[in-house]
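Encoded as structure tokens, the structure appears first; notes follow it.
The values are calculated or read from the model by the stated rules, or taken from the named source; none is laboratory data. A quick note: this is a predicted structure, and the numbers were derived from the prediction, not measured. Note: ideal-geometry Cβ built from the backbone for every residue, glycine included; neighbour counts use all protein chains shown.
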């Protein structure tokens with residue numbers, strides 16, 4: 001892991017990052033011809049021998065959070081390394097990597113909001129909705145055209161399962177990216193009346209479903225499971241808040257109970273995250289509406305993330321744009337041109353999607369410290385977030401690698 005400065009950490013794609021973890025899992029499950037290196041310096045030789053190999057992704061659970069809140073806890077005891085996330089440090093870039101085995105450079109999903117030139121629309125790629133407008137009825141909006149790559153599960157020699165919350169399981173993004181796997185959906189809190197029926201409640205939550213899969217007879221398998229609720233709590237109440245801590249404590253307790261319940265099933269569980277979190281105070285949240293001089297230089301709404309915002313600049317005003325950022329936001333952000341992002345391989349080495357250059361703007365606003373920037377388009381709700389991510393700080397970039405085995 002390398003740092004350009006205290007504010008900007010470079011993701012590792014050559015052996016110490018999230019991408020390399022996925023490559024190692026693929027190797028353990030018989031995938032061939034990956035263009036990416038597996039993890040370096042970490043013994044993964046037992047992964048391919050486990051009958052049940054599970055990747056459990058806890059959205060937003062950074063390595064720093066575990067260090068501060070679980071120094072002697074269950075997850076910390078099973079932590080074997082600290083990895084880096086991808087660029088930008090966001091679910092919208094990392095989850096596609098987990099479900100395709102591709103670097104962001106290859107899948108070209110570069111943030112929560114992506115400008116899709118084929119639709120001429122700024123699009124939230126996970127829910128597949130436009131910013132403030134409906135997406136046009138166009139063949140390019142069909143998942144097979146919008147994404148257009150093989151999934152990770154289609155490359156494996158093991159049967160695969162994808163376990164996701166019921167409210168996400170049938171989305172167009174989820175259905176496309178789970179191709180090659182058997183899909184299972186779970187309820188976080190099944191229904192109020194089930195609170196009096198603990199056995200059924202356990203069967204319907206995430207760990208209950210994975211537990212059942214581990215105990216089922218059959219050939220060696222791979223399971224990818226996604227837990228979004230820590231991320232939800234950190235956004236709503238801040239990473240330093242009680243909501244996040246309560247969510248973390250619950251997950252850690254449930255995970256320990258789950259491991260005890262699969263003893264004797266030859267199960268290997270890998271726990272990691274897609275990114276970490278920081279809190280952004282209100283006084284460090286920049287609103288584009290307060291900077292009309294900047295807004296008039298932009299051709300489109302801001303894309304990407306509040307901590308890593310892509311700017312499409314009107315022709316002939318790049319110098320004015322650079323001057324505005326340098327004068328108005330000194331110490332809060334830097335404006336990096338597209339060429340810097342591509343030349344320095346911020347999105348990974350290996351194959352590059354032809355759509356990538358058009359999806360990262362003319363510039364990115366790389367935020368420093370705990371600053372954010374945002375805008376609003378007509379028809380869009382203004383969402384206040386305390387906890388944020390997407391930037392390149394150490395806290396956002398560093399994620400845990402925990403491994404637990406129950407033979």
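Does residue 259 satisfy being more than 24 Å from the chain's Cα centre (by Cα) and within 26 Å of residue 376 (Cα to Cα)?
Spelling it out, it is not the case that residue 259 is more than 24 Å from the chain's Cα centre (by Cα) and within 26 Å of residue 376 (Cα to Cα).
Give me a count of the residues in the stretch 351-407 that are buried (at least 23 other Cβ atoms within 10 Å of the Cβ) and at positive phi.
Going through the stretch 351-407 one residue at a time, the tally reaches 2.
Would you be able to say whether some residue in the stretch 136-159 is assigned by TED's automatic domain parsing to the domain that holds residue 105, in contact with a strand residue (DSSP E or B) (Cβ under 6 Å, 6 or more places away or on another chain), touching a residue at least 40 places away in the same chain (Cβ under 8 Å) and surrounded by fewer than 17 Cβ atoms within 10 Å (Cβ to Cβ)?
Within the stretch 136-159, one or more residues are assigned by TED's automatic domain parsing to the domain that holds residue 105, in contact with a strand residue (DSSP E or B) (Cβ under 6 Å, 6 or more places away or on another chain), touching a residue at least 40 places away in the same chain (Cβ under 8 Å) and surrounded by fewer than 17 Cβ atoms within 10 Å (Cβ to Cβ).
Per-residue answers, yes or no, for (1) buried (at least 21 other Cβ atoms within 10 Å of the Cβ); (2) modelled with pLDDT of 95 or more:
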{"position": "179", "(1), (2)": "no, yes"}
{"position": "188", "(1), (2)": "no, no"}
{"position": "197", "(1), (2)": "no, no"}
{"position": "200", "(1), (2)": "no, no"}
{"position": "211", "(1), (2)": "no, yes"}
{"position": "215", "(1), (2)": "no, yes"}
{"position": "219", "(1), (2)": "no, yes"}
{"position": "222", "(1), (2)": "yes, yes"}
{"position": "225", "(1), (2)": "yes, yes"}
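Answer yes or no: is there a residue in the stretch 140-161 that is over 18 Å from the mean Cα position of the chain (by Cα), in a loop (DSSP other than H, G, I, E, B) and modelled with pLDDT under 95.
Checked against the condition, which is being over 18 Å from the mean Cα position of the chain (by Cα), in a loop (DSSP other than H, G, I, E, B) and modelled with pLDDT under 95, the stretch 140-161 yields at least one hit.
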